[in-house]
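This report refers to the structure that appears directly beneath it.
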Amino acid sequence: MLAFVIHRILAAVPVLAFVALLVFLMLRLAPGDPAAVMAGDAATAEDIAKIRAGLGLDQPLATQLRIWIERLLHGDLGESFYFKRPVAALIAQRLEPTLALAACSTVLAVALAIPLGVLAAHRHDTLVDRAVMLFSVLGFSLPVFVIGYLLIYLLAAELGWFPVQGYARIADGLGGFAHRLALPSATLAIAYVALIARMTRASMLEVLGEDYIRTARAKGATSFAVLVHHALRNAAIPILTVIGIGVALLISGAVVTETVFGIPGLGRLTVEAVLSRDFPTVQALILLFSAAYVAINLAIDIAYGLLDPRIRY
C-alpha cells in the first residue's frame with residue numbers, strides 16, 4: 001500500500017509543475033497590461049513604463065519565469081500588484097471562509113445525495129425515483145448564481161430566515177457562523193447533490209442486479225443490510241470518482257457563490273485579482289486550487305486501494 005501511495009504522489013508532481021508553467025504563460029500572453037490598470041486612465045506612457053519596470057514586467061519572459069520559480073521553490077508567492085501585500089498573507093486571510101464553505105457544502109451534499117441515490121435505486125421506476133431524478137436534473141441544470149438568488153429571495157428577503165450577505169468567523173461564535181454559512185452552503189451543495197445522487201442511483205442499480213445480492217436476499221438479509229452492507233459498498237468506487245470530480249464544481253462554484261453572498265474568501269479574491277490583472281495573486285490562487293484538486297484526487301485513489309485491493313496491483 002505504501003508503494004501505491006508513493007507512486008501516486010510522484011505522479012502528481014509533474015501535473016503541478018505543468019499547471020504552474022501553463023498558468024504563468026497564459027497570464028503573461030493574455031491581452032491587457034497590469035501596469036496600465038494600476039496607472040489609471042490619466043497616466044502617460046512614461047508612468048506606465050516606470051510601473052512596468054518596478055514590477056519586473058519589462059524583463060524577458062524567460063527571466064520572469066526563472067525569478068518566479070526560484071521564489072516559488074523558497075515558498076515565496078510574491079507580492080500582490082494590486083493589494084501591495086504578500087500574496088501568502090492575502091491567501092491566509094481569505095482561506096477560512098473558503099475552507100468552511102467547501103467543507104460544509106461537501107458534507108451537506110454527500111449526506112443528502114447518497115441516501116437519495118440509494119432510495120431512488122431501491123424504489124426504481126416509482127414516483128420516489130422520478131422525484132429524485134427530477135430534482136437531480138434541475139439541480140445540475142440551473143447555474144449556481146441562479147440557485148443563489150432564488151434562495152436569497154425566498155429564504156432571506158421574503159421569509160427573513162437568513163442574512164442576505166456576509167460571513168461570520170468561527171472565532172466569533174458557532175451560532176453566527178452557521179447562520180450566515182447555511183444559505184451559501186446550500187446553494188453550492190445543490191448541484192453537487194444532483195451529480196452524486198445520479199451516480200449513486202446508477203451504480204446501485206447495476207450492483208442490485210448481481211448474483212450475490214440475490215443470494216443475500218435468499219439467505220434472509222434485511223433490505224437495509226442488502227442496500228448498505230452489500231450493494232452500497234460494492235458501488236462505492238464510481239461514487240467516490242464523482243465526488244472527486246465534484247471538487248472542480250466546488251472550486252468554480254465557490255467563486256460565484258462567494259461573489260453572490262459577499263463572502264470574503266478565495267473566490268472573491270480570485271475575481272478581484274483577475275479584474276486588476278494581478279499576476280502574482282492569480283498565479284498563486286490557481287496553483288493552490290490545482291494542488292487542492294490533485295490532493296483530493298490522490299485521496300480518492302488511496303480510497304480506491306482500500307476499498308478494492310485489486311487496484312493496488
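Across segment 121-151, what is the number of residues that are over 22 Å from E96 (Cβ atoms) and in contact with a Leu (Cβ under 7 Å, 6 or more places away or on another chain)? Final tally of qualifying residues: 7. Filtering segment 276-288 to residues that are of a type in the set (A, V, I, L, M, F, W, C), over 15 Å from the mean Cα position of the chain (by Cα) and at pLDDT 80 or above leaves V282, A284. Condition first: exposed (fewer than 15 other Cβ atoms within 10 Å of the Cβ) and more than 12 Å from the chain's Cα centre (by Cα). Now tell me which residues in segment 218-258 satisfy that. Matches in segment 218-258: A218, K219, G220, T222, S223, F224, A225, V228, H229, R233. Of the helices (runs of 4 or more DSSP H) contained entirely in segment 49-145, those carrying at least 2 residues that are farther than 26 Å from V260 by Cα and not assigned by TED's automatic domain parsing to the domain that holds V226 fall at 61-73. Among the residues of segment 261-280, those identified as surrounded by 21 or more Cβ atoms within 10 Å (Cβ to Cβ) and among the hydrophobic types (A, V, I, L, M, F, W, C) are F261, I263, L266, L269, A273, F279.
The values are calculated or read from the model by the stated rules, or taken from the named source; none is laboratory data. Values in this document were obtained by computation on a predicted structure and should not be read as measured data. Positions of Cβ are backbone-derived with ideal geometry, glycine not excepted, and every protein chain shown enters the neighbour counts.
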